[in-house]
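Bear in mind these aren't lab numbers, they're just calculated from the coordinates by the rules spelled out. Model, not experiment: these values are computed from the prediction. When we count neighbours, we look across all protein chains shown, and the Cβ atoms used for this are built from the backbone with ideal geometry, even at glycine.
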């Protein structure tokens, strides 16, 4: 049942709420926020909204730059990370216009809403269900500096193998690089913290499936959530990153979703499981198909693989993303699909056997993405595959039921790989983006802005000297 303003006002009185905190998403996928006294949440707030300057959030200028934020009442949750009793809400952004305010088409949540509307218009499906996996690292301490005369990064975590010799608090139960997967107590020193994260996520309406230590021995973790509607999971992804980071800070440590914070450890991805429904029936299931997947599912995969290289600019939008997408660390590098094969971009989990759970996962995304943009772009690529009946097998993209990392070099040369740099991914997006602008889902000016921001970020990082360059070239 949808919440009404009266429901929220009752909650404010019952819980002694003093402030309302509104969280808005910028173009990069970060939450920004503004707060009002609780008594100022009125009918006028819901009708007129709260004005703000969207240009400071990174979006392209529009002909009418005055924006208003309209709260989504169903998202209301008590924010326990604030000292003052605070109720948190997300919302939508609209352009002030007459006679009615209109949707701001560049706002991430609005892009996702439009993508789902477009999906229904195609007649392919009326519901997209996804399930992201959140991988992240927890460190005890992180130091870094980027002054032109003093650049360094220093990371410490007590559980890591390297900490055994100089950390007074270690107990001898150290984790070697790449040996963290499913470690038990007492080696798993973050078990209770992850449990607290999951319990807090439940308060925020995020349904957790399980949590565990991941492969990276220096503090890599995973929390996986239950499958649900795409828009809800986009909202939940923002909530999950907020909760995980704040719970870590409360515990005296720090959490990061950087794809590759440590060169010698596994990177952190955000694998996205997906399936479609129409009239309550699964679109992707066929008992007689390969891996019990329907023809529509194969076409959807064909669309994802066709556009995989340009998709990376949306799903992997940081320079650090491409330090993860390398062989040897369980990250995909090859464009292809397979059953239960973690070396392919698309993996079909063998354990999902029922019609209602039959699905596949896209393994290249990471959590530096804006989830609204990433999930929408994934949907649009798949719909393009169904529209054009792109058969991934006919294109030579699999199924690859072998370890692609260990293929002979002559066989690897026949495969198509993901981009190896952000610049390469952006170049692909410049050439291949019509599938995103279909139905007006991604405005061209939004894509132009994303491209420009990625190019700028790449140039900024590329021109910085790296400590490894001193080791390699200083004496030449």
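Could you calculate the contour length gain from residue 263 to residue 3, that is, 0.36 nm times the residue separation minus the distance between their Cα atoms, to one decimal place in nm?
Gain in length upon complete extension: 88.9 nm.
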Does the stretch 93-150 come out rounded, prolate or oblate by the C-alpha gyration tensor, with a ≥ b ≥ c the root eigenvalues, rounded set by a/c under 1.5 and, if not, prolate when a/b is larger than b/c and oblate if not? oblate
What share of Cα pairs, in percent, lie more than 13 angstrom apart in the stretch 166-220? 63
Given the -39500 (n - 2.57) contribution per DSSP H run of 4+ residues, what per-residue ellipticity at 222 nm results for the chain, rounded to the nearest 500 deg cm²/dmol? -9500 deg cm²/dmol
Suppose R0 equals 25 Å. What FRET efficiency, 1/(1 + (r/R0)^6) with r the Cβ-Cβ distance, do residue 14 and residue 103 give to the nearest 0.05? 0.15
Ranked highest first by the average count of other Cβ atoms within 10 Å around their residues, in what order do 458-466, 270-278 fall? 270-278, 458-466
Counting pairs of Cα atoms in the stretch 7-104, how many percent are more than 23 Å apart? 28
Sorted by Cβ neighbour density within 10 Å, fewest at the top, the residues 395, 281, 245: 281, 395, 245
Compactness summary of the stretch 189-279: radius of gyration and Dmax from Cα atoms, Å, are 13.9, 48
Starting from the Cα coordinates of the stretch 20-75, work out the convex hull volume and express it per residue in Å³. 87
Gain in span if fully extended, residue 434 to residue 196, counting 0.36 nm per residue against the direct Cα distance: 81.3 nm
What are the extents of the Cα atoms of the stretch 60-187 along their three principal axes, listed from largest to smallest and rounded to whole Å? 69, 44, 37
Rounded to the nearest 5, the percent of antiparallel DSSP beta bridges in the chain equals 85
Volume per residue (Å³) of the convex hull spanned by the alpha carbons of the stretch 115-190 is 190
Going from the alpha-carbon gyration tensor of the stretch 313-354, what semi-axes, largest first and in whole Å, does one get by taking the root of 5 times each eigenvalue? 23, 12, 8
Between the stretch 74-124 and the stretch 181-234, the alpha-carbon center distance in angstrom: 26
Footprinting exposure proxy for 312, 198 (fewest neighbouring C-beta atoms within 10 Å first): 198, 312
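To make sure I understand, if each residue's beta carbon is the centre and we count other beta carbons within 10 Å, what order do 33, 211, 307, 182 fall in, fewest to most? All intermediate terms of the calculation are to be shown ahead of the outcome.
Working: 33 13, 211 20, 307 26, 182 10.
Arranged by neighbour count, lowest to highest, 33, 211, 307, 182 become 182, 33, 211, 307.
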So what's the convex hull volume per residue for the Cα atoms of the stretch 122-464, in Å³? 150
